[in-house]
Amino acid sequence: MLRRRSVRNPRTLAAPVPAIPFAAATVALLVLTGCGGEPVDAATPAPHGSAAFGRDRAALVLTAFDQADSAASVAGDVEALRTQEVSPSLDLSIAAVRRAEYNQRPQPSFQHINPAFAVPPGEPSCFLATATLRLTGSELAPTDVSQFVRGADGQWKLSHNVQVTQPSLVVARSLDGRPATAGGAALDETSRRALAAEVFARSIGSTTGNRSLVASSPLLDGQFAGGWEVYGQQLAGVGGAVRRTMDRAEWSDCAVAVPTGTLTFLTIHATDTLRPAPGGPATVRLEPQSPDLIATGHRTAVSGKSIRVTRVETFALLVPAQTVGTSVLGLNDTALTVTAG
């Protein structure tokens, strides 16, 4: 049976990165009452002529999201999740639902408390938020950083969500009240390409030769790259081999300049190709207990002359002004599809 380490969904009870809880709680309400007692949908744009979108309206979006998305997560309701999230966050949430079903254990409800926001000026199409997560039944209180995006229909949905490591809490909170930059203009194209290539290489225990671009990280170089190494060793033990390639890299719509650099999200789409090792068996096989099969909803083993696993990886990064020494604040990873060839 082949297993591989994976970074769990940011709202699962077994999340590996504990954080120091912040004080004060935000009451989560799906529908808030406006003047005259009429309900106000927090996710819709304000009427023409009202105050520009800022922290208060971002907080309404977050509280509405908490109520609806938490209920959908607990119920394992994928269609309801689709009304609250878009990829890559949605991909991770669907995988978490499948893991919960496989383990026959519902996910805990959650609530963001003491949130902080970075909002672009005017009527933005995205904003960033950080908060402590209160998870029902858990003593853990992790801190996450999220991006919300507004669709053409005016509805706000979660697009990115990553738990940050405890040493990164100060960086995450430093976004509070700062104007975010929309449109991916925070980093130049050359820097984006170089950083994406090095982050991907480091995630599989390699480098592009420009190792100074990304600071050494127990999370990236230890847990993530270490898990990849173990996976390869397990495959080798049964006569198989795996190669991971990067298909494309995407940067978040919003970024924010904080005192120590630029906080932004990098999403990498990758493909794992599993094949028999030279001199090994004719086929390669993934057992039903494989985390990648569980995440993609398979209930039986998959085998073939080759197996392709597409996946999505999300990284929260702090990029210094000179790019060198970029820090990985947190990351997520999940398989999307598994196909035998």
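With Cα atoms as the point set, the radius of gyration and Dmax of segment 274-331 evaluate to 17.8, 51 Å. Annotation: amide H-H contacts under 5 Å for ALA141 (H modelled 1.01 Å from N, sequence separation of 5 or more, or interchain): ALA19.
Can you tell me, using C-alpha contacts under 8 Å and at least 6 residues apart, the relative contact order of segment 141-220 as a whole percent?
18 percent.
Model label sites at THR245 and GLN233, defined 7 Å from Cα along the beta-carbon direction, differ in position by 2.8 nm. Put a dot 7 Å past the Cα of ARG211, heading toward its Cβ, do the same for SER303, and the two dots end up 4.1 nm apart. All Cα-Cα distances of segment 144-293, cut into 10 Å bins from zero to the largest, leave 9, 30, 32, 18, 9, 1 percent in each bin in turn.
Amide H contacts of LEU336: THR310, ARG311, VAL312, each under 5 Å away and 5 or more positions distant or on a separate chain (H built 1.01 Å from N in the peptide plane; Pro and chain starts excluded).
Per the Cauchy relation, a quarter of the hull surface: what is the mean projected area of the convex hull of the alpha carbons in segment 70-176, in nm²? Mind dumping the intermediate values first?
On the way: hull surface 29.4 nm².
Over all viewing directions, segment 70-176 projects a mean Cα-hull area of 7.4 nm².
How many percent of all Cα-Cα pairs in segment 135-176 sit more than 16 Å apart? Above the 16 Å cut-off, segment 135-176 has 52 percent of its Cα pairs.
With the largest listed first and rounded to whole Å, the semi-axes of the equivalent ellipsoid of segment 208-321 from the Cα gyration tensor are 33, 16, 12.
Each of PRO218, GLY237, ALA255 was scored by the projection of its Cα onto the charge dipole of segment 209-257, and the greatest displacement toward the positive side belongs to GLY237; charges sit on the C-beta of Lys, Arg, Asp and Glu.
Provide Rg over Rh for segment 144-227; use the alpha carbon set for both Rg and the Kirkwood Rh (inverse mean inverse pair distance).
Details: Rg = 15.6 Å, Rh = 15.3 Å.
Result for segment 144-227 is an Rg/Rh of 1.02.
No value in this document is a laboratory result; all are computed from the given coordinates. All figures in this text were calculated on a predicted structure; none of them were measured in a lab. Methodologically, a virtual Cβ is constructed for each residue, glycine included, from the backbone with ideal geometry; neighbour enumeration extends over all protein chains shown.
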